[in-house]
Structures are given as C-alpha cells and as structure tokens.
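Below: the structure, in structure tokens.
Quick note: the coordinates plus some simple rules give every number you see, no bench work behind them. Because the structure is predicted, anything quoted here is derived from the model rather than measured. Don't worry about glycine lacking a Cβ; one is built from the backbone with ideal geometry, like all the others, and counts go over all protein chains shown.
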Amino acid sequence: MLLSGRGEVEAERAERALADSGAEWTVVRCSWFMQNFSEEFLLDEILAGEVALPAGNVPTPFVDAGDIADVAVAALIEDGHAGRLYELTGPEALTHGEAIAEIARASGRALRYQPISLDSFVAGATADGVPADIVALLAYLYDEVLVESNAGVADGVRQALGREPRRFADYARDTAATGVWNARLAA
C-alpha cells in the first residue's frame, strides 16, 4: 500500500512505479489533512489567533486522518482492494478562511485567517528558523498542489469503506472538545 498526495507530480510518479512493479498494490491518495490545524503544522498559529498562509481563497476538501487510517486498514486486511486507487477527501471543500472560521466557532476563540503571498510565507518561515528543506516543501505544496484543480471532492472513502467521510465541522467540534486550541490560554 502507498500513501500518496493528491495533485503531486512526484507522488503520481511513485504510484506509477508501484503499479508497474508487479507487486500487489493499493494507492491511498489524500487531500490536505484536517489534523494540520490541530497538530504541529498550524497549531502555533491558531494558538496565537492568526493563521497567515499563501492559500488565498482556494477551496480544499480537507480529509480526516481517521478516514485515511480506516481506508489503510481495510486495504491491508480485507480482500478486494488490490489494484485500486482511492482518492480521499472530505465531503466538502472549504477555503482556509472558512476552515479557520469553523475552528473559531467550535473553540469559542477569535481567530483570523490572513492570506499572504508565497514570497512572504517563505521569508517568514525562513526567519522563524524552519529548515530550508521544509520551507521548500511547503512552498511547493502551496504553489503547485493547493490549486483549483485539486478542489473537487472525491469518493474514495465511500468506495473503500461504504460510508461518507468525516465533515470538517465534526472534526473541529471534536478537536475543540480536547482543549488543544485553548492550551496556551489556560497557561
């Protein structure tokens, strides 16, 4: 099984190599993770009250990592998944601004999304000491992957599991209940 990235040329090259290898395979191609907002990547910005990204108003069908795990387990232990490519997304596409607004509603916090240029993002991440290879990867993702052509909703979760994917609002509500987005406020 290969965990792959939606809209990533290099990932699609790896998918083709796997398919051509002669091995039994399943590809799980994913959109942006909902957990990017609650784990390391964007958590500090949310805790600070403002998320500044070069994402503009491009809609993204964020996918829940739990759905990814469920599809991966099914592909590994159930028959019928060999030779399949599952494109995983959530059931709706939201802009980053809409996602931040949903997190604000769920957490009861005042949060702001600030669209910035890719150059400003790269300069800020570099100034913050983010390693150059990570800055380059993020710049690539925001410039090449977070585009309108990847904004459509796919039905890979339904194909693999026979159920709908998790909604962003449900993720935000459940994550807010853990207190992760209020961690520094209590300190």
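Which one is farthest from Ala151 (Cα to Cα), of the residues in the range 58-72 that are in contact with a strand residue (DSSP E or B) (Cβ under 7 Å, 6 or more places away or on another chain) and assigned to a loop (DSSP other than H, G, I, E, B)?
Here the residue is Phe62.
Looking only at the range 73-86, which residues are touching a strand residue (DSSP E or B) at 6+ places or on another chain (Cβ under 6 Å) and either of a type in the set (Asp, Glu) or assigned to a helix (DSSP H, G or I) (or both)?
Result: Ala75, single match.
Does any residue of the range 28-48 turn out to be on the phi > 0 side of the Ramachandran plot, surrounded by fewer than 18 Cβ atoms within 10 Å (Cβ to Cβ) and either touching a Pro at 6+ places or on another chain (Cβ under 7 Å) or among the hydrophobic types (A, V, I, L, M, F, W, C) (or both)?
no
For the range 13-45, name all the residues that are among the charged types (D, E, K, R) and in contact (Cβ under 8 Å) with a residue 12 or more places away in the chain. Before the answer, list the steps.
Filtering the range 13-45 down to residues among the charged types (D, E, K, R) leaves 13, 15-16, 20, 24, 29, 39-40, 44-45.
Scanning the range 13-45 gives Glu15, Glu24, Arg29.
Does the range 94-138 hold any residues that are out of contact with any Asp or Glu (no Cβ under 8 Å at 6 or more places or on another chain), within 16 Å of Pro54 (Cα to Cα), in contact (Cβ under 8 Å) with a residue 40 or more places away in the chain and surrounded by 13 or more Cβ atoms within 10 Å (Cβ to Cβ), and which are they?
Residues satisfying the conditions are Thr95, His96, Gly97, Ala99, Ile100, Pro115, Ile116, Ser120, Phe121, Gly124.
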